[in-house]
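The values are calculated or read from the model by the stated rules, or taken from the named source; none is laboratory data. Everything numeric in this text was worked out from a predicted model, so none of it was measured. FYI the Cβ positions are ideal-geometry reconstructions off the backbone, even for glycines, and counts take in every protein chain you see. The accessibility values were calculated without ligands, DNA or RNA, using every heavy atom of the protein model including side chains. Shrake-Rupley method; radii C 1.70, N 1.55, O 1.52, S 1.80 Å.
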Amino acid sequence: MIPVWIKNAAQLVTVAGENGPRVREGMSDLGLIADGSVWMENGKVVAVGTTSELEALYGTRAHEADIIDATGRLVTPGLVDPHTHIAYGGSREREFEMRLEGATYMEIMNAGGGIHATTRMTRDASEDELVEQTTRRLDSFLEHGVTTVEGKSGYGLDLETELKQLRVMKRLNESHPIDLVPTFMGAHAVPQEYKGQEDEYIDLLVNDMLPKVAEEKLAVFNDVFCEVGVFTPEQSERILEAGKKLGLIPKIHADEIESYGGAELAAKVGAISAEHLLKASDEGVRLMAEAGVIACLLPATALYLREEAAKGRAMIDAGVAVAISTDCNPGSSPTTSMPLVMNLACISMRLTPAEALVAATMNAACAIGMQENVGSLEAGKQADVVMWNVSNYQELQYLFGVNHVGSVWKKGVQVVG
């Protein structure tokens, strides 16, 4: 593999340092290098520093390398999206209109739309059809500077389709440039055929689905939608604890629509992250900070549903490590634009431009256990790099709603640009 030497960057954001979630002031530490330079080789970052420093180290090997002149450009780690529902069938554009006409998220779902509608379409789709549809979304993520993505099942709600979604993600992780990290979310909703028999469905999850997922090693995480009208905190705890016994790390969709004790439960079960948190209580936030649970916040979802965004500023000030994500899904956030999500994190949740970038790189990597490989530009890590058509990180957040990606490298190979 030919070495790649990116040099002369106006700003190089490394986010270098401890491979752990950043909190409080640590979320503003970008590890900035002016006139920055990166040498990549064999899929790894070999060295970062100023251009003059790398000239001294690698100048004699310049003839071997693909040299990229980043004069006037911003260079950052590849973005990480730690919360998506990327592998699904069909589309739900009619529901967008329904919401504009006044229908709520739960009203649509209880009428057989929402998650249930996508479940029907995902059950009907073949594995190859799901691979084709999901590939298009992954390609779009790459074009927006995202090089690592978490993906959840949860649009099957039966053993066969849940396994189908996870196998699709396994295939794509092996064939697509993006690293795709799988989460089992059979507890996304109670399927319509189990309405009124919720405990029987939970028995199916605990006794059949989770053991099969663990046996085939199809997921790293186990997620549950803890919400009024979906799964209670007690039911959620049972599902998450069952997954823990099988080696699946807990995640939780918490306090999205009502304050329901989800943040508190995340701390109790030792979840790696709690997602959404629009209605999280102050006590729940405090407990998350104490337990080291990462808050995975989804400002595009709040915007799309016309809800007030999660209190990202208050969570950071309380000592919670904050990550951000698109929540790419067909019903409440059909976007692949992490740049837009960073913009919204600043505008609607009052993160600073530096905090938004850390939330989309190192903290996002920590939320899916990938921080040893991605999330920062440091020697030994994967050479996942984005060069942006702006000159500094403030400009990246200031010029909102625009894709400023110029080029993307995944494991040292240029995949965009």
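In segment 104-116, what count of residues is obtained for those that are more than 23 Å from the chain's Cα centre (by Cα), crowded, with 18+ Cβ neighbours inside 10 Å and either more than 17 Å from Phe225 (Cα to Cα) or among the aromatic types (Phe, Trp, Tyr) (or both)?
Selection size over segment 104-116: 0.
Scan (1) in contact with an Asp or Glu (Cβ under 9 Å, 6 or more places away or on another chain); (2) outside any loop (DSSP other than H, G, I, E, B) for the single condition Glu107 breaks and write down its number.
(1)
One line per residue, one yes/no per condition, for (1) closer than 27 Å to Ala214 by Cα; (2) under 20 Å from the mean Cα position of the chain (by Cα); (3) not hydroxyl-bearing (Ser, Thr, Tyr):
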{"site": "Gln235", "(1), (2), (3)": "yes, no, yes"}
{"site": "Leu248", "(1), (2), (3)": "yes, yes, yes"}
{"site": "Glu258", "(1), (2), (3)": "no, no, yes"}
{"site": "Leu265", "(1), (2), (3)": "yes, no, yes"}
{"site": "Ala274", "(1), (2), (3)": "yes, yes, yes"}
{"site": "Ala310", "(1), (2), (3)": "no, yes, yes"}
{"site": "Ala323", "(1), (2), (3)": "yes, yes, yes"}
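Going by what's in this entry, would Met370 be described as open to solvent by less than 10 Å² (accessible area, probe 1.4 Å) and either part of a loop (DSSP other than H, G, I, E, B) or in contact (Cβ under 8 Å) with a residue 24 or more places away in the chain (or both)?
no
State whether one or more residues within segment 355-366 are assigned to a loop (DSSP other than H, G, I, E, B), under 24 Å from Pro233 (Cβ atoms), aliphatic (A, V, I, L, M) and under 12 Å from the mean Cα position of the chain (by Cα).
Looking through segment 355-366, none of the residues is assigned to a loop (DSSP other than H, G, I, E, B), under 24 Å from Pro233 (Cβ atoms), aliphatic (A, V, I, L, M) and under 12 Å from the mean Cα position of the chain (by Cα).
Could you check segment 121-167 and list, in sequence order, the residues that are surrounded by fewer than 16 Cβ atoms within 10 Å (Cβ to Cβ) and under 24 Å from Asp203 (Cα atoms)?
Leu159, Glu160
Filter segment 168-217 for residues that are of a type in the set (Phe, Trp, Tyr), open to solvent by 40 Å² or more (accessible area, probe 1.4 Å) and within 17 Å of Tyr88 (Cα to Cα) and give the result. Step through it out loud before you land on a result.
The initial filter retains those residues of segment 168-217 that are of a type in the set (Phe, Trp, Tyr), namely 184, 194, 201.
Pick out the ones that are also open to solvent by 40 Å² or more (accessible area, probe 1.4 Å) and you get 194.
If the condition is that a residue be of a type in the set (Phe, Trp, Tyr), open to solvent by 40 Å² or more (accessible area, probe 1.4 Å) and within 17 Å of Tyr88 (Cα to Cα), then no residue fits.
Need pairs with beta-carbon distance below 6 Å; first residue touching a residue at least 12 places away in the same chain (Cβ under 8 Å) and within segment 224-235, second polar (S, T, N, Q) and surrounded by 19 or more Cβ atoms within 10 Å (Cβ to Cβ); sequence gap 6+ or separate chains.
What qualifies is Val224/Ser236; Cys226/Ser236.
Report, ordered by the first and then the second residue, all pairs with beta carbons closer than 9 Å, sequence separation of six or more or different chains, a first member in segment 375-400 that is surrounded by fewer than 17 Cβ atoms within 10 Å (Cβ to Cβ) and modelled with pLDDT under 95, and a second member that is assigned to a loop (DSSP other than H, G, I, E, B) and not charged (D, E, K, R).
none
In segment 238-246, is there at least one residue being without any contact (Cβ under 8 Å) to a residue 12 or more places away in the chain and not in a helix (DSSP H, G or I)?
no
Within segment 405-417, identify whether any single residue is out of contact with any helix residue (DSSP H, G or I) (no Cβ under 6 Å at 6 or more places or on another chain), over 27 Å from Gly49 (Cα atoms), in contact (Cβ under 8 Å) with a residue 24 or more places away in the chain and not hydroxyl-bearing (Ser, Thr, Tyr), and answer yes or no.
No.
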